[in-house]
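The values are calculated or read from the model by the stated rules, or taken from the named source; none is laboratory data. Worth saying up front: this structure is predicted, and the values here are computed from it rather than measured. Because the Cβ atoms are built from the backbone with ideal geometry, glycine has one as well, and the counts that use them run over all protein chains shown. With ligands, DNA and RNA removed, areas are computed over all heavy atoms of the protein, side chains included. Shrake-Rupley method; radii C 1.70, N 1.55, O 1.52, S 1.80 Å.
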Amino acid sequence: MTVPSFPHRSRMLELDRQESLKLLADVPMGRVGFTHQALPVIRPVNHLVTDDGDVVIRTHAGAALLSSASASQVVVYEADQIDPHTRTGWSVMVTGRASRLTEPQALSRYHARLTPWVDREMEHMVLIQAELVTGYRLTQ
């Protein structure tokens with residue numbers, strides 16, 4: 001893929017929490033980063049953003065993320081939309097504690113709203129509390 005050269009570089013503008021969460025809510029997929037066996041791990045997953053700005057993802061019974069979520073470890077969730085041709089777009093990261101959702105009403109609500117993309121049993125839900133939200137927009 002050939003990326004055209006531009007005489008001007010893009011500018012990176014910091015976004016506020018509200019705009020960052022709105023952008024995150026408008027895309028279906030991102031990446032969750034966590035620690036597994038003392039090493040960093042990044043997994044692509046689909047998500048939804050709650051009214052409180054937290055991120056919910058589905059996972060399977062043997063997922064390494066479940067052990068992190070059970071221990072309420074700090075994780076990061078990142079999504080973006082970047083156009084390599086115009087060198088514009090945005091990136092949002094949510095950092096916070098991950099916890100396994102067990103409350104029946106919440107599980108029912110999120111199961112109905114969040115359909116897994118992979119052909120696998122994905123009955124477990126993880127909530128990432130949006131303690132730190134950072135977002136940036138690349139503009140010309």
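Just a few scattered comments:
- Test for Arg87: is it within 30 Å of Glu14 (Cα to Cα), over 16 Å from the mean Cα position of the chain (by Cα) and among the basic types (Lys, Arg): yes
- Segment 43-73 - residue that is open to solvent by 60 Å² or more (accessible area, probe 1.4 Å) and free of Cβ contacts under 8 Å to residues at least 40 places away in the same chain and, of those, nearest to Lys22 (Cα to Cα): Asp51
- Inside segment 116-140, residues that are open to solvent by 40 Å² or more (accessible area, probe 1.4 Å), in contact (Cβ under 8 Å) with a residue 24 or more places away in the chain and under 17 Å from Asn46 (Cα atoms) make up a count of 6.
- Residues in segment 87-115 that are open to solvent by 80 Å² or more (accessible area, probe 1.4 Å), within 20 Å of Phe34 (Cα to Cα) and not hydrophobic (A, V, I, L, M, F, W, C): Arg97, Arg100.
- Annotation note: of Ser91, Ser20, Ser67, the sole residue that is over 16 Å from Leu132 (Cα atoms) and either among the hydrophobic types (A, V, I, L, M, F, W, C) or not in a loop (DSSP other than H, G, I, E, B) (or both) is Ser67.
- Matching residues in segment 74-86 - criterion: being touching a residue at least 60 places away in the same chain (Cβ under 8 Å) and open to solvent by 70 Å² or more (accessible area, probe 1.4 Å): His85
- Subset of segment 11-42 that is of a type outside the set (A, V, I, L, M, F, W, C) and open to solvent by less than 40 Å² (accessible area, probe 1.4 Å) - its residue that is nearest to Ala98 (Cα to Cα): Gly33
- The condition of being under 12 Å from Val56 (Cα atoms), assigned to a loop (DSSP other than H, G, I, E, B) and of a type in the set (Gly, Ala, Ser) holds for only one of Ala106, Ala130, Ala98, that being Ala130.
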